[in-house]
């Protein structure tokens with residue numbers, strides 16, 4: 001019989017909801033919503049993603065090797081998303097999906113950066129035993 005841990009379930013669901021929301025925002029950047037409506041609601045949309053990222057960072061209980069794994073993958077996602085945001089726009093602009101990919105990366109950054117910073121701070125404080 002498999003025993004599942006319930007301590008990370010809220011953070012995991014918030015993380016999943018944030019990733020789905022970020023991908024939906026990126027996909028709808030030019031297809032479903034007009035640019036005017038995206039510009040009108042972009043502050044609220046990104047605020048929701050940042051709040052979800054903060055919630056994920058505070059609610060996920062990572063310790064030891066799990067924290068190290070989360071921080072490495074979080075840092076890789078942040079770096080790749082930031083560089084991908086700039087390079088994809090230039091290379092895929094002729095195809096017409098550069099804006100979609102770039103806005104997806106921007107939305108993922110809004111989710112991952114706060115979560116990674118909070119987990120990094122929690123790791124530093126756990127190391128120093130404050």
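Structure above, values below:
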| read-out | value |
| --- | --- |
| Selected residue (only one of 106, 75 is surrounded by fewer than 15 Cβ atoms within 10 Å (Cβ to Cβ) and at pLDDT 80 or above) | 75 |
| Single condition residue 86 does not satisfy, out of (1) farther than 19 Å from residue 28 by Cβ; (2) at pLDDT below 70 | (2) |
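The values are calculated or read from the model by the stated rules, or taken from the named source; none is laboratory data. All of these numbers come straight from a predicted model, not from anything done at the bench. Reconstructed Cβ throughout: ideal geometry from the backbone, glycine too, with neighbour counts over all protein chains shown.
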